[in-house]
1. Considering only residues that are in a helix (DSSP H, G or I) and surrounded by fewer than 16 Cβ atoms within 10 Å (Cβ to Cβ), look in the range 228-239 and name the one that is modelled with the highest pLDDT.
2. Please verify whether residue 8 is buried (at least 16 other Cβ atoms within 10 Å of the Cβ), in contact with a Ser or Thr (Cβ under 9 Å, 6 or more places away or on another chain) and at pLDDT below 80, treating the condition exactly as stated.
3. Being under 18 Å from residue 142 (Cβ atoms) and surrounded by fewer than 18 Cβ atoms within 10 Å (Cβ to Cβ) is the filter; apply it to the range 173-208 and report the residue that is modelled with the lowest pLDDT.
4. Right, residue 79: at pLDDT 85 or above, out of contact with any Lys or Arg (no Cβ under 7 Å at 6 or more places or on another chain) and in a loop (DSSP other than H, G, I, E, B) or not?
5. Mind listing whichever residues of the range 67-76 are buried (at least 20 other Cβ atoms within 10 Å of the Cβ) and either assigned to a loop (DSSP other than H, G, I, E, B) or hydrophobic (A, V, I, L, M, F, W, C) (or both)?
6. Out of the range 101-153, which residues are closer than 25 Å to residue 91 by Cα, hydroxyl-bearing (Ser, Thr, Tyr) and either at pLDDT 85 or above or buried (at least 17 other Cβ atoms within 10 Å of the Cβ) (or both)?
7. Taking the range 154-172 as the region of interest, how many residues are modelled with pLDDT under 50 and surrounded by 14 or more Cβ atoms within 10 Å (Cβ to Cβ)?
Amino acid sequence: EVNHDDPFASMAQIRIGVDPDNALGRQLSDLEKSQLPYAASQAANKVAYEIRERWKVQAGRVFDRPTPLTTNAALYRKATKDKPYAEIYIRDEAFKGTPPAKYLLTEVEGGQRRRKGFERLLQGRGLLSPSQFAVMGRGARPNQYGNVPAGQVTKILSQLGAQRDKHQNQTETSAKRRRTRAPTGGEYFVIIKRRGRLRPGVYERISTGWGSAVRSIFIFTNTAAYQQRYDIFGMAEDTWKRLMPFYLKRELDKAMETARPLP
């Protein structure tokens, strides 16, 4: 069976197991019953592995240019003799940034997305209201995963004085130097209230051969909701129903072969 009581409460945990009382829909011999716990744990591990691999394939179909962290977000713990079920869970830690168990929550369940660290820092400076979110603007140049590059976000926070470490903020001299640099080295500023055609957001002022110009890097909006895009629990249930009977029979047959005394 597949059990998940509180989705994403800890690590989006799903348990993969077998009901030993009606494992194969038929009466079992005493020898089969003795081998069933081991066979069931092995079958559960096979299904857990298949669910993890299916996540990897589906991630590329569901998400736009998923990062390696998203693609490899699903992990599993193997069943043992004492713990006759395998556990599927979403990685709840990351070396840098937000772990998948947090940022994938709204992708799986839908609803308003979580506040990003970048947004919390802007709010701390009074540049973003508690009801607003920062979404990528038309002038942003996304990286290979479709996001504003982390290095550019760091520069924005530094120029806006929104870094966690105040000593990382750029000096006025460095800001002036950026203003006079070539097109890729612009100056970032925030518009809190609409100014003509410019909506509230983070903009970059750049120099071109025809003078100065601005482009939007982030736009502030009051909504940032996601529709449910990937039902990992439904996928696990479907995989279990399709594969568990096959794996359980195979593993029980293998266990019976090793258990039978040699002639």
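The values are calculated or read from the model by the stated rules, or taken from the named source; none is laboratory data. These numbers come from a predicted model, not from an experiment. Every residue, glycine among them, receives a Cβ derived from its backbone with ideal geometry; neighbour counts consider all protein chains shown.
1. Among those residues, the one meeting the criterion is 238.
2. Taking the combined requirement at face value, the residue does not satisfy it.
3. Result: 183.
4. So residue 79 fits the description; yes.
5. 73, 74
6. Selection gives 103, 106.
7. 2
Conditions tested, residue by residue: (1) surrounded by 17 or more Cβ atoms within 10 Å (Cβ to Cβ); (2) under 30 Å from residue 130 (Cβ atoms); (3) touching a strand residue (DSSP E or B) at 6+ places or on another chain (Cβ under 8 Å); (4) at pLDDT below 85.
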residue	(1), (2), (3), (4)
210	no, no, no, yes
226	no, yes, yes, yes
241	no, no, no, no
254	no, no, no, no
